[in-house]
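This report refers to the structure that appears directly beneath it.
The values are calculated or read from the model by the stated rules, or taken from the named source; none is laboratory data. In this text, all values refer to a predicted model and were calculated from it rather than measured experimentally. A quick note on method: Cβ atoms are made from the backbone with ideal geometry, for glycine too, and the neighbour counts reach across all protein chains shown. Heavy atoms of the whole protein, side chains included, go into the accessibility calculation; ligands, DNA and RNA do not. Shrake-Rupley method; radii C 1.70, N 1.55, O 1.52, S 1.80 Å.
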Amino acid sequence: VQLQASGGGLVQAGGSLRLSCAASGRRFSSYVMGWFRQAPGKEREFVAAITWSGGPTYITDSVKGRFTISRDNAKNTVYLQMNSLKPEDTADYYCAANSYGSSWYDEGSKYEYWGQGTLVTVSS
């Protein structure tokens, strides 16, 4: 099982980035896919989640209205569109997969598979 995150980079405040997470190695149709982030010196935090098979998406309050999570089942890929970026969004962003279901969408400990981080740096 592999999750490959990409799309990070350096952007000015107010700019946009789109992160991608490509999944391979098994069928993820029943999994919840999540994005988490960790800023230097801070705890990892939940950002967004989506189920492969449909249903609601989940967005943490601090990015609601600015970030959108989506998926392309044909490509086995989940996206995190980040608009109106702020310096406080600077972090390593990780994608992850969880088979426990959407009840645990924001619990990092319930995610069995993790991709490598992709660094997002927002300059002021």
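Structural remarks
- Of residues in segment 24-51 being open to solvent by 10 Å² or more (accessible area, probe 1.4 Å), touching a strand residue (DSSP E or B) at 6+ places or on another chain (Cβ under 7 Å) and over 21 Å from Leu85 (Cα atoms), the one modelled with the lowest pLDDT: Gly25
- Within segment 63-78, the set of residues being assigned to a strand (DSSP E or B), modelled with pLDDT of 95 or more and open to solvent by 40 Å² or more (accessible area, probe 1.4 Å) comprises just one member, Thr68.
- Note on segment 1-54: residues that are within 15 Å of the chain's Cα centre (by Cα) and not in a strand (DSSP E or B) amount to 7.
- Only one entry of Tyr94, Tyr58 meets the criterion of being more than 16 Å from Arg18 (Cα to Cα), assigned to a strand (DSSP E or B) and either touching a Phe, Trp or Tyr at 6+ places or on another chain (Cβ under 8 Å) or at pLDDT 95 or above (or both), and that entry is Tyr58.
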